[in-house]
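Visitor: Quick one: structure below, then a few questions.
The values are calculated or read from the model by the stated rules, or taken from the named source; none is laboratory data. Here the structure is a predicted model, which is why all the values come from computation and not from measurement. Heads up, the Cβs are rebuilt from the backbone with ideal geometry, glycines too, and the neighbour counts pull from every protein chain shown. When the accessible area is computed, the model is the full protein with side chains, heavy atoms only, and any ligands, DNA or RNA have been set aside. Shrake-Rupley method; radii C 1.70, N 1.55, O 1.52, S 1.80 Å.
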Amino acid sequence: MTVTDVHAHVLLPGLHAEVERRAPELLADAAALDDRRNGAESQEVSGHMVGARIPRLTQAGERLAVMDAQGVDRQWVSASPNHFYPWAPEGLAAWIAGEANRLIAEHVAQAPDRLVGLGLVPLQHPGRLVEYLDDAVLGRGLAGVEISSFAGDVELSDERLEPFWARAAELRTVVFIHPFGCSLDERLDRFYLSNTVGQPVENAVALSHLIFAGVLDRHPDLRIVAAHGGGYLPTAIGRSDRAWRVRPEAQRCEHPPSTYLRRLWFDTVVHDHGGLRHLVEVAGADRVVLGSDFPFDMGLEDPVSFVRAAGFSDDVTQKILGGSAEVLLRERAEI
């Protein structure tokens, strides 16, 4: 079995510097929004934390050394979510996606037997999504793309995304949902609530848009992997089922929402064994895949041991540690 971590990040400082050169005022406005959302205290702590981890985020050799120490054979490497730039106008956003795909492909090519890349698409410009999905998967040989939970006025239920979902399903390629920022804004600007509450909220909202809008009904071959164990949704899925039964406006999907958890994949970044066991119970062992959020402080420093200590059978443990992720890549490779 190949132990596979599906949630690991790379930082692209050259891309960011060029974005700053091309759109300094827009980038400054976005930074001010991040400051309001996160609060000055958390921004300072995060700055020091990221700064200390730059080698792990940028150098393949440092990445591989940590993987060896963790007992991880393979990582799926996606851009640090600060590279989404959801405010970027169309021309800049298209350039960012193409450049990110190139840089991520170059990074994983340094260890192709151990690193798998996920590219970017400009989510805020739905008309360009198929183009840059193809660029990532067909042009650069990446395993899929990473997207945020929303971008501007674009929710994942937006009808303008239908061609993207159709193409992703046709390619049977991975779509990794990883939020950046939370629309609750200043309500979460202290105690690091922007992350501890904001990320699970965004995951739950994004997945609920997909489920209730019927996206998974129309595109059953989608391979969607949700970061952070899907946030709050798997824990509170009974409330979604109740709404589906009693509220006509919540009945646009064909089946109770809980059934769609077994059509999605979820990483193990839930931080407690009870939460992990519940996730396996509601989604199935073959839908839970190892993740670490490498190398950030809110991730799992020893992701393999975390899974092994949860008390699963050997069969379930092996599926989570690598078996299910291998199936995802193999099914894509057969297209």
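Visitor: Could I have the simple spin-label model distance between SER313 and ARG247, label points 7 Å from Cα toward Cβ, reported in nm to one decimal?
Guide: Going by the 7 Å Cα→Cβ label model, 3.8 nm.
Visitor: Using θ = phi - 60° and the Karplus curve 6.51 cos²θ - 1.76 cosθ + 1.60, what whole-Hz ³J(HN,Hα) does each residue of segment 28-40 get, with Gly and Pro shown as x?
Guide: Listing the rounded values in order: 5, 5, 5, 5, 5, 5, 4, 4, 5, 5, 9, x, 4 Hz.
Visitor: To continue, here is another question. Give a residue-ordered list of calculated ³J(HN,Hα) values for segment 204-212 (Karplus: 6.51 cos²θ - 1.76 cosθ + 1.60, θ = phi - 60°; whole Hz; x for Gly, Pro).
Guide: Those phi angles translate into 5, 5, 4, 5, 5, 4, 5, 5, 5 Hz.
Visitor: So what is the accessible area of segment 4-331 per residue, in Å², with the probe set to 1.4 Å?
Guide: Accessible surface, normalised per residue, equals 41 Å².
Visitor: Also, I was wondering about something else. Could you sort 118-131, 82-95 so that the peptide with the highest average Cβ count within 10 Å comes first and the rest follow in order?
Guide: On the way: 118-131: 23.1, 82-95: 18.5.
Ranked by mean Cβ neighbours within 10 Å, highest first: 118-131, 82-95.
Visitor: If you stretched the chain out fully between ASP113 and PHE191, how much longer would it get, using 0.36 nm times the residue separation minus the C-alpha to C-alpha distance? Please report the intermediate quantities before stating the final value.
Guide: Numbers: separation 78, 0.36 × 78 = 28.08 nm, distance 4.03 nm.
Value of the extension gain: 24.0 nm.
Visitor: Any idea how far apart THR58 and HIS16 come out in nm if each label point goes 7 Å out from Cα toward Cβ?
Guide: 0.9 nm
Visitor: Taking H placed 1.01 Å from N in the peptide plane, check which residues at least 5 places from PHE150 or on another chain put their amide H under 5 Å from its amide H.
Guide: Counting only residues 5 or more places away or on other chains, the set is PHE180.
Visitor: Using a Förster distance of 41 Å, how high is the FRET efficiency between ARG262 and ARG36, based on the Cβ-Cβ distance and rounded to 0.05?
Guide: Rounded to the nearest 0.05, the efficiency is 0.60.
Visitor: For the chain, set up a Gaussian network in which alpha carbons nearer than 10 Å are linked by springs, and say which option among GLU155, GLU254, GLU25 fluctuates the most.
Guide: Result: GLU25 has the largest fluctuation of those listed.
Visitor: OK, next. In nm, to one decimal, how far is the modelled label at LEU184 from the one at ALA166, with both set 7 Å along Cα→Cβ?
Guide: The two pseudo-label positions are separated by 3.7 nm.
Visitor: Ignoring any ligand, DNA or RNA, what whole percent of the accessible area of the chain comes from carbon and sulfur when the probe is 1.4 angstrom? Spell out each step's value before the answer.
Guide: On the way: 7120 of 14040 Å².
Answer for the chain is 51 percent, counting heavy atoms of protein chains only.
Visitor: Okay, moving on. Remind me, relative contact order of segment 4-331 in percent, using alpha carbon pairs under 8 angstrom and six or more residues apart?
Guide: 18 percent
Visitor: What residues have an amide H closer than 5 Å to that of VAL72, excluding those fewer than 5 places away on the same chain, when H is modeled at 1.01 Å from N in the peptide plane?
Guide: Those qualifying (amide H under 5 Å, at least 5 residues apart or on another chain) number zero.
Visitor: Which whole-Hz couplings ³J(HN,Hα) result when phi for each residue of segment 105-121 is put into the Karplus expression 6.51 cos²θ - 1.76 cosθ + 1.60, θ = phi - 60°, listed in order with x for Gly and Pro?
Guide: Taking θ as phi minus 60°, the curve returns 4, 5, 5, 6, 5, 6, 8, x, 7, 10, 10, 10, x, 10, x, 10, 9 Hz for segment 105-121.
Visitor: Now, a different point. Give the separation of the Cα centroids, segment 27-101 to segment 255-320, in Å.
Guide: 23 Å
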